[in-house]
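The block underneath contains the structure these notes are about, expressed in structure tokens.
The values are calculated or read from the model by the stated rules, or taken from the named source; none is laboratory data. Note that this is a predicted model, so its numbers are computed, not measured. Cβ: placed from backbone, ideal geometry, glycine included. Neighbour counts: every protein chain shown.
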Amino acid sequence: MKTKILSIIIFFSVITFGQFVSNVSKKGTTAAPFLSISQGARATAMGSAFVGLADDPSSIYWNPSGIAKMNSAGAFFDHTDWFADIKFNFVSIAYPVPGLGSLGLSFTSSSIGEMRVTTIDEPGGTGETFNVSDVAVSLTYAINLTDNFSIGFNPKYIQQTIWKMSASAFAMDLGVQYITPFDGIVLAMSISNFGTKMKLNGNSNLVLHDLNIETTGNNGNIPAHLQTDEWALPLNYRVGLGYTKQLFDSHVLRLALDAQHPNDNYESINVGAEWTMFDMISLRGGYKSLFLQDSEESFTLGFGVQQYLMGNIAITFDYAYADFGRLSNIQKFSIGVKF
């Protein structure tokens, strides 16, 4: 059985890093870029290296098989202040069902404040305003097929809206985790956002057109429909290793390394570490996008605090800081409940 499981993971890994090999970066060529924003302050503080360590409700984003490792139900909320006043929110719930596996639900949203509508004739604004928003909703199922091997599926619905235009798509995330025979080491793989393409449609596609502007007396008010292109989702393949080591009586060290292959950029590596003391305080650090040329992402830092209430209810608070070079930095806050 162990040989078969390793063969499955290696097979997916070969496919993952053997496709779309190109010397040309495709940065900015996919739709719904908000799907690539890291969710969860814990994982973000660890340099976004979390595929092999995923074991809480944020696993729905990183590796859906991770919720199969949860022994109790949990809820999770994450907020991020991104660049250009963009606000991101991520909410997830995971619930283990004895004998059947684990179920999860997540909701992701991003929004930008109202902006003025401007035109060539009225660059100062027409008096109208518009909004931009993104939404993704997913339902997750994960199960431990053996004591050492878990698999998870995360189908999702995605929608983007800008003023009078909108686009939608369906996608699937897939993840596996395998506890290797080597003490404390987990081998994992995930595929994110494998799905349909997105195409903007709406009232803004409708225009008035003159079929021949060089002919006098022609009708310049013929209704026409502007054709928009389809764009792929930000597909991402990750292969990762997670290592957990008990140190002393009340200290735990976790190390993680993820290699990722997105369809809109070059390959890169993320590394991270977490030191947990007395199951209450955690210190974290990492480095994102190693070996990725011209990347503004680099080191990450953060911490977490966990407090038990009434014996079996735990409240967690996590904070992450990520450096983005010339783009300054981002700060992320997460709150979780285990019950």
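Residues of segment 127-162 that are within 21 Å of residue 102 (Cβ to Cβ), of a type in the set (A, V, I, L, M) and more than 19 Å from the chain's Cα centre (by Cα): 143, 145.
Comparison of 132, 117 shows that the only residue that is farther than 21 Å from residue 339 by Cβ, in contact with an Asp or Glu (Cβ under 6 Å, 6 or more places away or on another chain) and surrounded by fewer than 23 Cβ atoms within 10 Å (Cβ to Cβ) is 117.
Quick check: anything in segment 196-214 in contact (Cβ under 8 Å) with a residue 12 or more places away in the chain and within 15 Å of the chain's Cα centre (by Cα)? The answer is no, given that none of the residues of segment 196-214 is in contact (Cβ under 8 Å) with a residue 12 or more places away in the chain and within 15 Å of the chain's Cα centre (by Cα). The lone criterion from (1) of a type in the set (A, V, I, L, M); (2) surrounded by fewer than 18 Cβ atoms within 10 Å (Cβ to Cβ); (3) farther than 23 Å from residue 178 by Cα left unmet by residue 233 is number (2). Sub-6 Å Cβ pairs linking a first residue in segment 115-130 that is in the same structural domain as residue 161 (by TED's automatic domain parsing) to a second residue that is of a type in the set (Asp, Glu), at least 6 apart or interchain, are 117/128; 129/114, ordered by first then second residue.
Quick grid of which residues meet (1) in the same structural domain as residue 177 (by TED's automatic domain parsing); (2) in contact with a Lys or Arg (Cβ under 6 Å, 6 or more places away or on another chain); (3) under 22 Å from residue 187 (Cβ atoms); (4) assigned to a loop (DSSP other than H, G, I, E, B):
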site: 213; (1), (2), (3), (4): no, no, no, yes
site: 238; (1), (2), (3), (4): yes, no, yes, no
site: 242; (1), (2), (3), (4): yes, no, yes, no
site: 246; (1), (2), (3), (4): yes, no, yes, no
site: 249; (1), (2), (3), (4): yes, no, no, yes
site: 253; (1), (2), (3), (4): yes, yes, yes, no
site: 261; (1), (2), (3), (4): yes, no, yes, no
site: 264; (1), (2), (3), (4): yes, yes, no, yes
site: 275; (1), (2), (3), (4): yes, no, no, no
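For the residues 43, 75, 94, 54, the requirement of being in a strand (DSSP E or B) and buried (at least 24 other Cβ atoms within 10 Å of the Cβ) singles out 94. Scan segment 171-187 and give yes if some residue there is under 17 Å from residue 106 (Cα atoms), in contact with a Pro (Cβ under 6 Å, 6 or more places away or on another chain) and among the charged types (D, E, K, R), otherwise no. Checking segment 171-187: at least one residue is under 17 Å from residue 106 (Cα atoms), in contact with a Pro (Cβ under 6 Å, 6 or more places away or on another chain) and among the charged types (D, E, K, R).
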